[in-house]
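What follows draws every value from the coordinates through simple rules; no lab data is involved. Quick caveat: nothing in here was measured; it's all calculated off a predicted structure. Neighbour counts run over all protein chains shown; Cβ positions are idealised from the backbone, glycine included.
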Amino acid sequence: MEPAGADRLKDGIAGFYDESSGVWENLWGDHMHHGFYEVGSPPSVGGHRDAQIRMVEESLRFAGVSADPLKKPKRIVDVGCGIGGSSRYLAKKYGAQVNGITLSPVQAKRAQELAEAEQLSDLVSFQVADALDQPFPDGQFDLVWSMESGEHMPGKEKFVSELARVAAPGSTIIIVTWCHRDLLPSEKELKPNEINLLNKICDAYYLPNWCSAADYVHIASSLMLQDIRTADWSENVAPFWPAVIRSALTLRGFTSLLRSGWKTIRGAFAMPLMIQGYNKGLIKFVILTCRKPE
């Protein structure tokens, strides 16, 4: 992406989350990501926030992150931290120092306020920074965490490379993100109607071009990262977007949307497109974990 285009994208992302984060917190709390649901088991009323916590725990379990006092992570970076839900959760779970970064000044400020309210200021800190140019030295973190921020990255190779750079030797990297389906051996690109659907979603949520899980595996392999594992959790997140739409259609949700601004409203109108993408098998909700060599 050309520098001017990258700057416009970053400004758009920051503006979108400056505007929409308060609405999200008001309706859904401080975890700004999908929930993880058991396939075939309808979610209980009010259980969606629990499912978001389950997403964090399932990600840690899949990656094999140890809670052993001698092996648990001590320094964590939360890349695309939102208002700090994951950062605070991980800090409390492991007693770890956590640095969160986001493009949104509003998110960084709110995340710090919530940390202070929970008396976690000695463990967590937040700042405005670019995930593609992180303000940290090489090898600083023994857990690198990216929960639903990769889809905003215009250069997936640079994104994964930067995650690997700040990871300490032997440490774990967790990427949970939206992808498009893997291409078939006979395909060179997605079908035109699939590209059209993704472009509409990109316009609403300030996303660059999408990639597949296979693309992420290829990138991780090219960086000599080890123990690369992926899973498709699309079925596990299926109840999430319908629940978000229902919350937006309540009086509280509708009022919050009207007060927020056009970017948030446009994002709300695009939510059915996400459901359509999942139902068509075009959009995949993917976890990728790997380890930096010793």
Check: Which of these, ASN199, ASN209, ASN26, has the largest mean-square fluctuation under a Gaussian network model of the chain (Cα springs below 10 Å)?
Finding: ASN26
Check: When the Karplus curve 6.51 cos²θ - 1.76 cosθ + 1.60 is applied with θ = phi - 60°, which whole-Hz ³J(HN,Hα) does each residue of the range 206-212 get, with x for Gly and Pro?
Finding: 6, 10, x, 4, 7, 9, 9
Checklist line | Full-stretch length increase - GLU235, SER212 - with 0.36 nm per residue and alpha-carbon distance subtracted | finding: 6.6 nm
Notebook entry, point to check: What full-extension length gain, to one decimal in nm, is calculated for ASP203 and ARG165 as 0.36 nm per residue of separation minus the Cα-Cα distance?
Noted result: 10.6 nm
Next item on the list: Taking H placed 1.01 Å from N in the peptide plane, check which residues at least 5 places from SER171 or on another chain put their amide H under 5 Å from its amide H.
Entry: LYS292
Margin query: Sort ARG61, ARG165, ARG8 by Cβ crowding within 10 Å, fewest neighbours at the top.
Written below: ARG61, ARG8, ARG165
Notebook entry, point to check: Which cross-chain or sequence-distant (5 or more) residues have an amide H under 5 Å from the amide H of GLY100, H modelled 1.01 Å from N in plane?
Noted result: ASP78, SER125, PHE126, GLN127
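Can you compute the FRET efficiency between GLU189 and LEU251 using 1/(1 + (r/R0)^6), with r the Cβ-Cβ distance and R0 = 51 Å? Round to the nearest 0.05. Let's see the in-between values first.
Numbers: r = 44 Å, r/R0 = 0.86.
That pair, GLU189 with LEU251, gives E of 0.70.
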Notebook entry, point to check: Out of SER222, SER234, SER161, any idea which swings most in a Gaussian network model of the chain, alpha carbons joined below 10 Å?
Noted result: SER222
Next item on the list: Enumerate the amide H contacts of GLY139 below 5 Å, restricted to partners 5 or more residues apart or on another chain; note that Pro and chain-start residues carry no placed amide H.
Entry: VAL166, ALA167
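When a footprinting reagent is the concern and you count Cβ atoms within 10 Å, what order do SER104, SER212, SER121 take, fewest first? Kindly include the intermediate steps, with their values, before the conclusion.
Values: SER104 23, SER212 16, SER121 11.
Fewest to most other Cβ atoms nearby, the residues stand as SER121, SER212, SER104.
Past the 18 Å Cα-Cα mark, which pairs from LYS158/LYS188; LYS74/LYS158; LYS158/LYS292? Show your work: numbers first, answer last.
On the way: LYS158/LYS188 23 Å; LYS74/LYS158 25 Å; LYS158/LYS292 16 Å.
The pairs that break the limit, which is 18 Å between Cα atoms, are LYS158/LYS188; LYS74/LYS158.
So for the chain: antiparallel DSSP bridges make up what percent, rounded to the nearest 5? It would help to have the intermediate numbers written out before the result.
Details: 14 of 34 bridges.
Bridges in the chain are about 40 percent antiparallel.
Check each of the GluC sites (Glu not before Pro) in the range 1-99 and keep only those in coil by DSSP with at most 14 other C-beta atoms within 10 angstrom; list them in order.
Numbers: sites: GLU19, GLU25, GLU38, GLU57, GLU58; in loops: GLU38.
Passing sites in the range 1-99 are GLU38.
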Margin query: Can you compute the FRET efficiency between GLN226 and ASN26 using 1/(1 + (r/R0)^6), with r the Cβ-Cβ distance and R0 = 35 Å? Round to the nearest 0.05.
Written below: 0.25
Note to self: When a/c reaches 1.5 or more, the comparison of a/b and b/c decides; with that in mind, is the range 118-255 rounded, prolate or oblate per its Cα gyration tensor?
What the structure shows: oblate
Next item on the list: Tabulate in residue order the Karplus-calculated ³J(HN,Hα) for the range 35-40, using 6.51 cos²θ - 1.76 cosθ + 1.60 with θ = phi - 60°, rounded to whole Hz; enter x for Gly and Pro.
Entry: x, 10, 10, 6, 4, x
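I need HIS31, HIS218, HIS48 ordered by Cβ neighbour count within 10 Å, fewest first.
On the way: HIS31 24, HIS218 15, HIS48 21.
Ranking HIS31, HIS218, HIS48 by Cβ neighbours within 10 Å, fewest first, gives HIS218, HIS48, HIS31.
When the Kirkwood radius is taken over all Cα pairs of the range 3-291, what Stokes-Einstein diffusion coefficient follows at 20 °C and 1.002 mPa s, in µm²/s?
Details: Rh = 19.3 Å.
Taking Rh from Cα pairs, D becomes 111 µm²/s.
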Margin query: Starting from 0.36 nm per residue, how many nanometres of slack lie between ALA67 and ASP138 once their C-alpha separation is accounted for?
Written below: 23.1 nm
Next item on the list: Using a Gaussian network model of the chain whose springs link C-alpha atoms within less than 10 Å, name the residue from ALA63, ALA243, ALA14 with the highest mean-square fluctuation.
Entry: ALA243
Notebook entry, point to check: Quick one: if you stick a label point 7 Å off each Cα along the C-beta vector at ARG259 and LYS10, how many nm between them?
Noted result: 3.2 nm
